[in-house]
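Here is the structure we will look at.
None of the figures in this text is laboratory data; all of them are computed from the coordinates on show. None of these values were measured; they are calculated from a predicted model. When we count neighbours, we look across all protein chains shown, and the Cβ atoms used for this are built from the backbone with ideal geometry, even at glycine.
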Amino acid sequence: MTTLPARRSASMTFARHAVTFAAWLVALSRAVGAQAAVLPFEVGERLEYQVSVGRMGNIGKGAMWVDGLADVRGCQTMVLRFELEAGKGPVRGSDKTRSWLDPQRMAALRFEKTERHPLSRHSESAELFPETRLWVEAGGAAGQSPSGAPLDELSFIYFLRTISLAGDSVWRFDRHFDAARNPTTIRVVGRRTLETAAGSFRTVQIEMRVHDPRRYKGEGIITIDLSDDRRRLPVRIESSMPVLGRTVLTLSAIRVTEAEASVVAQRRGAR
């Protein structure tokens, strides 16, 4: 029997492990690619919500939808929109947000937001450049993003819908385009069944800890129930709004807008 020198044996063992690791990386990259190719949302999806605020009860409505496709600096993006109106009399609040998401990279390229509350108003508009990790606001402020696939608060919710959420899991993401708003921590709280006007849903309940000095004076907690199926619909979202306090959005309807019907017709025509 011939015995290989120890150095040569160790070298061969390392080579075998390297080949195995490389094969694992290839398989992982293919799996990620497959996940990105089939998103749980599409143009035309519109989710409508009943809004409950503190002790005032159901006093508002909201909607979250994929409005269509738009070219941003040569990249075809999905236009994500969110709108909320809630309150009574002079105590009213609103939120209108738009995000232009590149679905291939799951990166936001543009972000706009306008908030109105009884004691304050706030608006922001930013261009995001994933290639250089830079962002520039309309007012001239600029900064460096920690990620080459930056997200804003709206596109982050759609990003969450692409993740398989296993029980007792915790994730940390540094994906917000503004470094001061990171990290975002996600923790699976449990699973439950929710009865809504849109139907009964088995959900995965997650706790999202975010950093937003303006809104939360530090760290804020948002609780989200995602449907435990391939669509991962945001069935319930609980957070807080300035002055109004605890705000709960509960899914009331799932609709298909004319935009999706148009896209589907175009696809059929191309065939």
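If the segment from ALA141 to THR185 were pulled out straight at 0.36 nm per residue, it would be longer than the present Cα-Cα gap by 13.2 nm. Fully extending the segment from ALA149 to VAL170 would add 5.5 nm, taking 0.36 nm per residue of separation and subtracting the current Cα-Cα distance.
3J(HN,Hα) along region 64-79, derived from phi through the Karplus expression 6.51 cos²θ - 1.76 cosθ + 1.60 where θ = phi - 60°, amounts to 9, 8, 9, 6, x, 10, 8, 7, 10, 6, x, 10, 7, 10, 8, 8 Hz, with x in place of Gly and Pro. Charge dipole (Cα centre; +1 on Lys/Arg Cβ, -1 on Asp/Glu Cβ; no other charges) of region 40-270 amounts to roughly 460 debye. With all projection directions averaged, the alpha carbon convex hull of region 40-270 covers 13.3 nm².
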